[in-house]
Amino acid sequence: MLAADPGASIASIATEAGVDRRTVYRRFASREELLAAIYESRVTAIEEAIEDARLREAPITVALHRYVENIITVNRTWPVDLTRMLAHDTVRNRRDACIEEVDTFLQRATHEGLLRPELPHGWASALLVELVTLAPHQQSHLSPGRAADAVVDTLLHGLGTLRRQSPHPTEDGQPSDAWDRFT
């Protein structure tokens, strides 16, 4: 409800949940306290998704797919306004630690040759965040696993059909393939 209408009242939230508004207020003293609990739950789900993916020890492609699938599930389960969520210092600090963990994993993926090392610093991380943010909505008809397939394939292989064969021209000075004409 709050994803669709961030200004939803406690009364409307209680009605949607099938409880009296007083029941909500017994648990949460204010709307902000309710939102804080939602944000805490979302960041906890992100932490659990990272832990389950085993980013430090699982093979890169296995860990990447598991992470993406888990985060797609989190984004579908907890579709909250991230700007408001990150205004809470504790939640922001926990999320920043999650980002650091994923960035370390992406560095490992680069070191092991799954990501190109010449990409601008932070590019893979930014692209991954955008893809896992888009996938739950753009690919809502797909299961989290199938949506993760699309995200991982896009991250690792891009969208184009052209493949780089050689960064050097052929003996006659012409580009070695169609890709080189664009680079």
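The values are calculated or read from the model by the stated rules, or taken from the named source; none is laboratory data. These numbers come from a predicted model, not from an experiment. Quick reminder, even Gly has a Cβ in these numbers, built from the backbone with ideal geometry, and neighbours come from all protein chains shown. Surface areas here come from the heavy atoms of the whole protein model, side chains and all, with no ligands, DNA or RNA. Shrake-Rupley method; radii C 1.70, N 1.55, O 1.52, S 1.80 Å.
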* To do: Quote the relative contact order of region 1-74 in percent (integer), defining contacts as alpha-carbon pairs under 8 Å separated by 6+ residues.
  => 19 percent
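At 1.4 Å probe size, with the rest of the protein present, what percent of the exposed accessible area of region 1-124 is carbon and sulfur atoms?
On region 1-124, the fraction of accessible area on carbon and sulfur atoms equals 52 percent.
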* Point-to-point label distance, GLU48-THR154, nm (Cα→Cβ direction, 7 Å offset) -> 2.6 nm
* Structure fact -> Contour minus Cα-Cα span, ALA87 to LEU114, at 0.36 nm per residue, comes to 6.3 nm
* Structure fact -> Checking ARG56, ARG22, ARG84 against a Gaussian network model of the chain (alpha-carbon springs below 10 Å), the top fluctuating residue turns out to be ARG22
* To do: State the extension gain, in nm to one decimal, for the chain segment bounded by SER140 and ALA37, taking 0.36 nm per residue of separation less the distance between their alpha-carbons.
  => 34.5 nm
* Using θ = phi - 60° and the Karplus curve 6.51 cos²θ - 1.76 cosθ + 1.60, what whole-Hz ³J(HN,Hα) does each residue of region 151-157 get, with Gly and Pro shown as x? -> 5, 5, 4, 5, 5, 7, 10
* What ³J(HN,Hα) values, in whole Hz, does the Karplus curve 6.51 cos²θ - 1.76 cosθ + 1.60 give for region 47-62 when θ = phi - 60°, with x put for Gly and Pro? -> 4, 5, 5, 5, 4, 5, 6, 6, 4, 8, 10, 6, x, 3, 5, 5
* Structure fact -> Label model pair THR161, ASP5: point-to-point distance (7 angstrom along the Cα→beta-carbon line) in nm is 4.7 nm
* To do: Specify the angular offset, from 0 to 90 degrees and rounded to the nearest 10, of the alpha carbon long axis of helix 123-138 from the longest principal axis of the alpha carbons in the chain.
  => 60 degrees
* Given [x] 16.2; [y] 16.8; [z] 18.9, the label whose value is Kirkwood radius over Cα pairs in Å derived from this model -> [z]
* Asked: Residues of the chain: accessible area per residue at 1.4 Å, in Å²?
  -> 62 Å²
* Using the Karplus curve 6.51 cos²θ - 1.76 cosθ + 1.60 with θ = phi - 60°, work out ³J(HN,Hα) for each residue of region 8-25 in order, rounded to whole Hz, and write x for Gly and Pro. => 4, 7, 4, 4, 6, 5, 4, 4, 4, 7, x, 10, 6, 4, 5, 4, 5, 5
